[in-house]
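Peer 1: Take this structure first; my questions come after.
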Amino acid sequence: MKKYDGLYIFAGNAKDDVLEASLTKAVAEIERFGGKVEVQEILGKRTFARPMHKRENGVYALVRFELDPAKVTELVNRYRLVEEVFRVQILAVDDRREEKLAVQREAAAKRAELKASKEAEAATDASAE
């Protein structure tokens, strides 16, 4: 199983409950093909750079999932039949890049923690004087 990021675009005029149902349907398709969903996030409504199929905007959602690489093409073809999904793009996640980003985030968190502790120490020293 390999990790993928799926970027989904739904109709821009969809209400919240309809949008949730559409995202649930998209996730169900992944699970139908034997995939495992890790994270799903609605990114919000965005205006297209140019109108597509007489639509000016769409609601974007990001889903990270694991799936057998042989089934990705079948999944994309299946999404073409789902009316709620306006567009979908599936990209493979680079594990090495993810590990590097995790190390960078951890280092940044340590730097921020160290900076906060130094500032707190300076504040206590200033109040003691």
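Read the figures in this text as sums done on the coordinates, not as results from a lab. These numbers come from a predicted model, not from an experiment. When we count neighbours, we look across all protein chains shown, and the Cβ atoms used for this are built from the backbone with ideal geometry, even at glycine.
Peer 1: Can you give me the number of residues within the stretch 104-129 that are exposed (fewer than 10 other Cβ atoms within 10 Å of the Cβ) and of a type in the set (A, V, I, L, M)?
Peer 2: Total meeting the criteria: 2.
Peer 1: Output the strands (runs of 3 or more DSSP E) that fall wholly within the stretch 21-129 and possess 1 or more residues being farther than 25 Å from ALA11 by Cβ and of a type in the set (Asp, Glu), or say none.
Peer 2: 36-52, 55-67
Peer 1: Let me ask another. Which ones in the stretch 85-121 are touching a residue at least 24 places away in the same chain (Cβ under 8 Å) and either farther than 26 Å from ALA61 by Cα or among the polar types (S, T, N, Q) (or both)?
Peer 2: Hit for the stretch 85-121 is GLN89, nothing else.
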